[in-house]
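Trainee: Before we start, here is the structure in question, set down as structure tokens.
FYI, it's all coordinate maths here, none of it is from the lab. Small disclaimer: the values here were computed from a predicted structure and weren't measured. Glycine also receives a Cβ, built like all others from the backbone with ideal geometry; neighbour counts cover every protein chain displayed.
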Amino acid sequence: MAASEKINIERLRAIWALVVSGSTEGERDNARGHAEKLLERHGHSLSDVPKLLKRKGTRRKTTTPPDWYDQWEDQVRREKEDLQRREEEAREAERKSWHAKWQAEHKAEYEEILARFGSSEQVFKLNAMEEAILESVKPWRFVDKTSHPGYEFVNWRGRSRGDLGDWADDILDAIKGAVPMPQTLAEAMAEADVWDALGHARWLVSKYETWDAIEETFEPPVSQRDWLIRKLADRDMPAETLEDVIHRTRRLANRGYRDDYELELLLADLMRVQSASAAGKVEDPCYRQREDVQNEHPRPPLSARERRVQIERILQTEKGRAMSLRQIARMFGASPATVLSIRNKIEQSAP
């Protein structure tokens, strides 16, 4: 039948759109079969399609509604955007609910901190020791514009980009001299307690007020001072009295993890204090026992693997999960980025 004039060109156009743009191979093959049947009934073949679709009067006008495929694509996009919006709203509602619960649990501590400092602004104001430390390292201070193109940040020459304790000797001497270094264990633990309390207060207030707790509670030179004092308080200085031992034990217990080496030092402290109590002075054998632990069998620096094991251990405790990256990093002389990497790995491996 030579009735090409009677063929429904618009129908052919719609079927051919599926042949060309069908979402699956099966859909395209099925459309091709329909096109062949339609063309055959009107005496045409597939090779005639380009000519038929170009026939005069069959082209779409600009007022023709959008192509069906464009309409379908727009609908899919809108549905996807709507789903993403609902998921984001659900996450935000869950976050707000969790934050409100966390605020309720920590309200008393938050109010106690504000009462102690006077206001949240005062919590983050530099104290006298911080000002002295930052003033002491001004000669090494510079604005780094090269490490991260497009960004500027304050840095210090001689500062390692790695873990705490790797700064140059001259800048370490300046940090140590900015505030007199402790001469006794009691003095070291007193200063360490000040840094612990200040860092925790800043972390808690920021999390209570904004949910996003700050990780950098101290400027890097101050964090370095904190780390130096922590080493003295928790490990390097021998205990002189039973009160020293109790104070040190409480500090280690509050950190939420167990370190066999530090437990050995505590045991040596106890035996030394016991001997001093019995003899009225510190007996050389007991004092030497602590020296045996520190000097004859010194604890080697933690390897990267040992440090990761210790960090993983504390991150798996309830207390560790409530601590900031910076707090945990200071405990082990690591960087916050290292702690974040380990935490992400634990979360990804969780069932």
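Trainee: Of Lys125/Lys231; Lys54/Lys80; Lys138/Lys207; Lys80/Lys345; Lys207/Lys345; Lys51/Lys80, which ones are farther than 28 Å apart at the Cα?
Mentor: Lys54/Lys80; Lys138/Lys207; Lys80/Lys345; Lys51/Lys80
Trainee: Now a separate question. Taking the highest mean first, how do the peptides 78-90, 195-207, 22-34, 167-179 order by number of other beta carbon atoms within 10 angstrom per residue?
Mentor: 195-207, 167-179, 22-34, 78-90
Trainee: Here is a follow-up. Output ³J(HN,Hα) for segment 91-98: one whole-Hz value per residue in order, computed from phi by the Karplus curve 6.51 cos²θ - 1.76 cosθ + 1.60 with θ = phi - 60°, and x for Gly and Pro.
Mentor: The phi angles translate into 5, 5, 5, 5, 4, 5, 5, 5 Hz.
Trainee: Hey, got the dipole for segment 1-52? About the Cα centre, +1 on K and R Cβ, -1 on D and E Cβ, debye to the nearest 20?
Mentor: Charge dipole, segment 1-52, about its Cα centre: 140 debye, nearest 20.
Trainee: Under a plain spin-label model, where a point goes 7 Å from the Cα along Cα-to-Cβ, how far apart in nm are Ser341 and Asn8?
Mentor: 6.5
Trainee: Given 0.36 nm per residue, what is the gain on full extension from Asp82 to Leu53 after removing their alpha carbon distance, in nm?
Mentor: 6.7 nm
Trainee: Using label points projected 7 Å from each Cα along Cα→Cβ, tell me how many nm separate Ala132 and Lys107, to one decimal.
Mentor: Distance between label points: 4.0 nm.
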